[in-house]
Each structure stands twice: as structure tokens, then as C-alpha cells.
1. Going through G68, G13 one at a time, which residue ends up being surrounded by fewer than 14 Cβ atoms within 10 Å (Cβ to Cβ), farther than 16 Å from V392 by Cβ and modelled with pLDDT under 85?
2. Only residues that are under 14 Å from T228 (Cα atoms), part of a helix (DSSP H, G or I) and over 24 Å from the mean Cα position of the chain (by Cα): list them for the stretch 286-320, please.
3. Identify the residue in the stretch 334-379 that is assigned to a loop (DSSP other than H, G, I, E, B) and within 18 Å of G209 (Cα to Cα) and, among all such residues, is farthest from the chain's Cα centre (by Cα).
4. Among the residues of the stretch 212-237, which ones are farther than 27 Å from A280 by Cβ and in contact with a strand residue (DSSP E or B) (Cβ under 9 Å, 6 or more places away or on another chain)?
5. Does V76 meet the test of being modelled with pLDDT of 90 or more and within 22 Å of the chain's Cα centre (by Cα)?
6. Would you check which residues across the stretch 16-46 are part of a helix (DSSP H, G or I) and on the phi > 0 side of the Ramachandran plot and list them?
7. Return yes or no: is T228 within 16 Å of the ligand (Cβ to nearest atom) and surrounded by fewer than 18 Cβ atoms within 10 Å (Cβ to Cβ)?
8. Across the stretch 281-318, what is the number of residues that are within 16 Å of the ligand (Cβ to nearest atom) and surrounded by fewer than 24 Cβ atoms within 10 Å (Cβ to Cβ)?
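The values are calculated or read from the model by the stated rules, or taken from the named source; none is laboratory data. Since we're looking at a predicted model, the values are computed, not measured. Note: ideal-geometry Cβ built from the backbone for every residue, glycine included; neighbour counts use all protein chains shown.
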Amino acid sequence: MTIDDAPRDALRGGPRELLRWVATGAAVSRADLSRLSGLSPSTVSQRVEALISQGLLEEAGAGRSRGGRRPRQLAVPTGGAVVGAIDLGAHHARVGALDLSGRVVQARTLPVRIEDGPEAVLGALLAEVATLVGGDPAAGGGVVTGGLAPGALRGVGIGIPGPVQHSTGRIVSPSRMPGWNGFDVAAFCAGRVDVPVVVDNDANLMALGAHRTAHSELDHAVYIKAGTGIGSGVISSGRLHRGAQGSAGDISHCRVVADPAPPCTCGNAGCLEAVASGAALVTALREQGVPVSDLTGVIRLIDDGDRQATALARQAGRAVGEILAVVVNFFNPQVVAIGGRLADCEPLLASMRATLYERCLPLATQTLLIERVAAGQDVGITGAAHLVIDHVVAAA
Ligand SMILES: [Zn+2]
């Protein structure tokens, strides 16, 4: 399917889509945008002028003439980093500066002690964003970008490894994040930078980043993030589906049959997170007397073919497959992709795939793609950047 016949009439020709077509190279002129959107040239011109006046699009010289005046070419400004992005994990954070097309300009990984609490952790990460874009948030009350005109930073996107109430940007009952419950991330950050700050959970941002970079032609997709925790993000009709409060896709506390059912951080027992997350694998191996300290150690054991670790990985893969089978039967996606640090764990992936095929309706799996998220360690900050870019374009 090409973008020309994508069934997304509700989105068709909106400013976000116009910007995306230019950013991806699908369109280089107003005429291209008119053809792709089906909108009249005057409507396209109006929207393009609005995007240009907001600094979100720019004229980039004259294109090839097909008779008559040479059309002016359009481009997304790529003069420097204009969006800040933070992908917070349990032990590390990826921090990046990206341009308006969602391309990473600069990024680095920092160690994080999540138990230091939200003020300390987010304060340090915002300072790192400022460093990457060449400014200092402490100076002048806002982030000022060095190589760019002051105020050229358009926003900051933040991914949190726990449930985020979408309407408020507040964290609600996260596992393994002591001191973060109820914290208003958006308000805290808004007090430190003078640009919009948007917050979402890390699985949603992985879904957005992976969809925009690898599957933008597909309308229905499910992305599993399997690392220390486990969650998923859902793309429905081409858009991130958050549900009423922002908890859509949170599969971590779905019950899987496990005997004996291990206790979960939520107070129940036998949740997917308590069986199949990286944290669960560490706990289970320790209980079997294997001296392993973290997920890296678990992955090393699995790669080395350790019998106990491999058996646990297979059990985890079956558990993920069981929950995913329900999701696939219910939602009928075109692709299921798995990312996060456990995505490279072959025994887990093989069991997940087998269970999925066994438990799904043939019609649901006939053309279903099951794959790894390909975008690598920058997929989260890419999603965060797209979240901000969408927000800025909508506001414009
Ligand atoms: Zn639970």
C-alpha cells in the first residue's frame, strides 16, 4: 500500500501530514502536497504559509519547471537540533537533540538512579538536553539554543518507564519507581524550560518512533517493549491509541497462568510483568541460586546457552505470546514488533512467535508481520521528538 491510498481520511492533508510528507521526501512542492492530499492548491498554500510562518517549513529554492514558473521547493528546516528528547529507563536514559524531521542530531546515554527521585533525575536530564542543544536551562529561565536563533528549541518530549495519565502528564502507580507516584512531570519540566513539554510512557514512544521510521505505511500495529519492565504501544488507524486515560496497551498486569504464580509489584500474582519482564527473570534466576545481578547478566547467560536462563526465557516468551494472542485476535494488527533489551533474546522470541501462531485465528495471522523493532537505541527519543513535533504543529 502506498501513502496515496492510505485510508486515513481523517488525517489527510492536516498540517501534521503535510509536514510529514515534506520531512520524508514524499513531497517537495505545494503541487506534490496538493496531489497527495487531494486538497485544492489554495488550501494547501494556506496551510503551507502557516507552517512557514511558524518556522516549521521553509522555502528551499526553485524546483524543476513543467512549463511556466518554476515551483518553489519546500523543506523542513534542518539547520540544527530543535527538539529535545528524553527516554528514561530503569538504569539509563537516552537523551537527544533532533531536528524537525525527527532525525537525531546528537544523542547520548547517561546512567540514572531512578530512586534518587523525579526532581533530581529530571533536573539532570533537562540540563543534558540543554547541553546537547547548546544552552543552559539555568540561565535566563529557559533553554536557549547555541547555534540557532534564541528560542529555536521548539519543545521537549519525555518518555517515562511507567503509566502516565495523558491529560495531565502525571505518573500513576509506577512499578520500581519509588517517589515518582503522582509526580507531575509536565509541570515540573515546564518550570525549567520555556518550551512545551510533552510526556508519555516509554512503550508509547517506542511505538511512535518505530511506526514513523519503519511502518508509516501501515495503519494498525502493536509494539511490545520488553526490558526491565514490559509494556506495549498501539497504533490504530495510523495514530497512537492511548484510550481514555493513557493506559491503553499497558499489558504489564494482565494475568498469565503460572504455577506457582509469582507475586507482582501491583499486589496481585501471576501478572505478565512478574513472569516475563527482565526484572522477573533476574528474580527467578536468583531464587534458583544463580548469582545474577541485572538484566545484562541474564542476557549474557541466555546467549551462552545456560539451561536455567534459557528455560526461563522460553517461559517468558510463551507468557508474552499468550497475552499478545488475545491482543492480536481482538485488534487484528498488520504488524507486531518487539523492542527493548529482551528483543534480541532468541529463545524468548521463538516461544512468543510459536504461541502467537498457535493461539490466534488464522485470519488474524495470515498476513501478520512479526518482527523486531529495527530502529535501535534511538527509537524512544525519535518517538519523543515526533510527539513534540506533532504537538508544535497542532498548536501552530
Ligand atoms: Zn501486577
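1. Every option except G68 fails the conditions.
2. G297, V298, A313, listed by residue number.
3. Quick first cut of the stretch 334-379, residues assigned to a loop (DSSP other than H, G, I, E, B) only: 334, 340, 345, 360-361, 366-368, 373-375.
Going one step further and asking which of them are within 18 Å of G209 (Cα to Cα), we end up with 334, 340, 373-375.
Numbers: Q334: 18, G340: 11, V373: 11, A374: 13, A375: 10 Å.
The extreme case among them is Q334.
4. Restricting attention to the stretch 212-237, the residues satisfying the condition of being farther than 27 Å from A280 by Cβ are 212-220, 236-237.
Selection gives A214, H215, L218, D219, H220, S236.
5. no
6. none
7. Working: within 16 Å of the ligand (Cβ to nearest atom): yes; surrounded by fewer than 18 Cβ atoms within 10 Å (Cβ to Cβ): no.
No.
8. From the stretch 281-318, those within 16 Å of the ligand (Cβ to nearest atom) are 281, 283-284, 316; that's our starting set.
Narrowing further to those that are surrounded by fewer than 24 Cβ atoms within 10 Å (Cβ to Cβ): 283-284.
Residues in the stretch 281-318 being within 16 Å of the ligand (Cβ to nearest atom) and surrounded by fewer than 24 Cβ atoms within 10 Å (Cβ to Cβ): 2 in total.
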